[in-house]
Amino acid sequence: MSRRFPRWTVALPVALALGLSGCGSAVPAGSAATPAGAAKGAKEVTVFAAASLTGAFTALGKHFEAAHPGTSVKFNFGSSATLAQQIAQGAPADVFAAASPATMKTVTDASPATSPKTFVRNKLQIAVPSDNPAKVDELKDLADPKVKVALCAEQVPCGAAAVKALDAAGLEVKPVTLEQDVKATLTKVELGEVDAALVYRTDVIAAAGKVQGIAFPEADKAINDYPIAALPKAPAGELAEQFVGLVLSPQGKDVLTKAGFEAP
Amino acid sequence: MGAVTEQNRTASARPPWMLVVPALAGLAFLVLPLAGLLVRAPWSTLPERLAEPYVLEALRLSLVTATVATAMSLLLGVPLAWLLARVEFPGRRLVRALVTVPLVLPPVVGGVALLLVLGRRGLVGQWLESAFGITLPFTTAGVIVAEAFVAMPFLVISVEGALRAADRRYEEAAATLGASRWTVFRRVTLPMVMPGVVAGAVLCWARALGEFGATITFAGNFPGTTRTMPLAVYLALETEPEAAIVLSLVLLTVSMIILAGLRDRWVSAP
């Protein structure tokens, strides 16, 4: 093997490094220029939505693409709090659907022109593995120290709702874990690692067969309103409003109700 | 005379730009994110944020679990590295490849795999619970297991490399003089590859300290028992990015101090 390396072996990493830093500075400029691009007819809508909306919104996305040929809907599902932070930091989202008004507020604080509308409400249920090993059948069973319970962290909407519901019931529950989002909490139940968890009714329906849901009266004290908004600087412009329109339409309501959400 | 030689050496040793330019680009690439943290840190509220009890709690948990995970990796990983480097057995190449699996596996997937084996309904976990009443998920021991799983390959690879590079004639000489294989390992091999073991342990410890995905998946996230610094950073990012920056800085500072201390003590020792 020759000792001499061809020049490009050195030039390549340098060019890459320079190219990358060039890209870095080009991105903000590009996103600032997108409203002009939207006028030319951007055909992509980027929707940031709470993890609990995964099933229903994926279905609505298909409806939207069918009704607007040539468009595609891209989803970013995750914890509402994370998504809100990403949008506040300038992530290129067109529509934001959050699982709580508090997380939506992060976005409206950053850009006050946003006008969110409540489109559905969601309630908590107790989720237990399908064989219910700890024989949980009401909320106060969760306070039993022998029952392993997973809750969402208080910083995310499902955790805030869980605290509210447990407070309303006057119960002291010591969970074994505080999960980052509702899907992670549900996974712990599906795998049988915990005996019970507080998740949304919609998540129990989505995981039908793998977990059992138990309704409890205190859930009414901790109902989550879901707000949705087209973002003021939406790169997709009009299309963003149209997607929000679909979610608020009778057709949207139909899909969401089937997933277990309640009308506001 | 001595000074002149020194000067000549320096002049002739001027590093070529073909190496210096990419080296500086590489350095900038690695250091700029750190600068970003420092620039955005909330310096005015820093003291009161540091005084929050959960910071110390998470830091303590991180240091303890990373250290125990490293000890566990040393205990199991050094013999494994020796086996791979010194013993001929069929399928050795396959075993060597398997050891690196946790390196290529996304940590979250590693966490799921650990749950499926050591979880309450896992292959081994089921038996652990019924026979000994031990459950690993959601415990500090679970954090250690997750960290060791992800970090041990760094140690094994580093020690195996050192073993392969070491001169085997010393071991052979010791054996000729009547030392048993265990004595040879303890008195000749191990001292010879000590720098490799230390470097591997440092890598392993650093990786364990930063471990996130396998920990949150396998051990969960609860303050005091399983919420290590990286988990606390992730959670803080949800609502208070500034608190996340503070936590990151704390983790960074402490690990730099410890690693720099070890470096002076061990790695660059002649």
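With r as the distance between the Cβ atoms of B:THR100 and A:ASP131 and R0 = 41 Å, compute the FRET efficiency 1/(1 + (r/R0)^6) and round to 0.05.
0.60
So which trypsin sites (Lys or Arg not before Pro) in the stretch A:136-206 end up in coil per DSSP with only 13 or fewer other C-beta atoms within 10 Å?
Answer by residue number: A:LYS146.
Using the Cα gyration tensor of the stretch A:124-221, with a ≥ b ≥ c the square roots of its eigenvalues, what is the shape: rounded (a/c below 1.5), prolate (a/b larger than b/c) or oblate (neither)? Display every interim value, and only then the final one.
Details: a/c = 1.31, a/b = 1.16, b/c = 1.12.
Because its axes are fairly even, with a/c under 1.5, the stretch A:124-221 counts as rounded.
Take peptide A:153-160, look around each residue's Cβ out to 10 angstrom, count Cβ atoms belonging to other protein chains, and average those counts.
Working: counts 9, 3, 6, 3, 0, 0, 1, 0.
That average works out to 3.
In square nanometres, what is one fourth of the surface area of the convex hull spanned by the alpha carbons of the stretch B:106-150? Provide the component values of the computation, followed by the final result.
Working: hull surface 11.2 nm².
Across all orientations, the stretch B:106-150 yields a mean hull projection of 2.8 nm².
Considering the convex hull of the alpha carbon atoms of the protein assembly as shown, report its projected area averaged over all viewing directions, in nm², one decimal.
Values: hull surface 139.7 nm².
That works out to 34.9 nm².
Provide the gained length on full extension for the span B:ALA173 to B:VAL39, in nm with one decimal, where the gain is 0.36 nm per separating residue minus the Cα-Cα distance.
Full extension from B:ALA173 to B:VAL39 adds 42.4 nm.
Within chain B, which whole H helices from DSSP have a Cα span along their axis of at least 27 Å and a mean Kyte-Doolittle hydropathy of -0.5 or more, if any?
Those that pass (Cα extent of 27 Å or more, hydropathy at least -0.5) are B:17-40, B:53-86, B:140-165, B:241-262.
To the nearest 10 square angstrom, what accessible area does A:SER72 show with a 1.4 Å probe?
40
Modelled label-to-label distance, A:GLN89 and B:LEU83, 7 Å Cα→beta-carbon offset: nm?
The answer from the label model is 4.2 nm.
Contour minus end-to-end for B:LEU123 and B:MET194, with contour as 0.36 nm per residue of separation and end-to-end as the Cα-Cα distance?
Gain on extension, B:LEU123 to B:MET194, equals 21.9 nm.
Would you mind classifying the stretch B:185-270 by shape? Square roots of the alpha carbon gyration tensor eigenvalues, ordered a ≥ b ≥ c; an a/c under 1.5 is rounded, otherwise it is prolate if a/b is larger than b/c and oblate if not.
Verdict is oblate for the stretch B:185-270.
Can you give the FRET efficiency for B:MET18 and A:THR118, using 1/(1 + (r/R0)^6), R0 = 45 Å, r = Cβ-Cβ distance, to the nearest 0.05? Before the final figure, lay out the partial values.
On the way: r = 62 Å, r/R0 = 1.37.
Once the sixth-power term is evaluated, E becomes 0.15.
Under 19 Å from a point 7 Å along the Cα-to-Cβ line of B:GLU242: which residues of the stretch B:26-59 have their amide N that close?
Under cut-off, by backbone N: B:36-56.
What distance in nm separates the simple spin-label points at B:ARG263 and A:ALA59, each placed 7 Å from Cα in the Cβ direction?
Calculated label separation equals 5.7 nm.
Quick one: dipole size for the stretch A:124-221, taken about the Cα centre, charges +1 on Lys/Arg Cβ and -1 on Asp/Glu Cβ, in debye to the nearest 20. All intermediate terms of the calculation are to be shown ahead of the outcome.
Values: 11 positive and 16 negative charges, 16 e Å.
Here the stretch A:124-221 has a charge dipole of around 80 debye.
Order the following by accessible area, largest value first: A:ILE205, A:ILE214. Probe radius 1.4 Å; ligands, DNA and RNA are ignored.
Heavy-atom accessible area, descending, gives A:ILE205, A:ILE214.
Roughly how big is chain B's charge dipole about its Cα centre, with Cβ charges of +1 (Lys, Arg) and -1 (Asp, Glu), in debye to the nearest 20?
900
The values are calculated or read from the model by the stated rules, or taken from the named source; none is laboratory data. Note that this is a predicted model, so its numbers are computed, not measured. Cβ sites come from the backbone with ideal geometry, for glycine too, and all protein chains shown count toward neighbours. We work out accessible area using only protein heavy atoms, side chains counted, and drop any ligands, DNA or RNA first. Shrake-Rupley method; radii C 1.70, N 1.55, O 1.52, S 1.80 Å.
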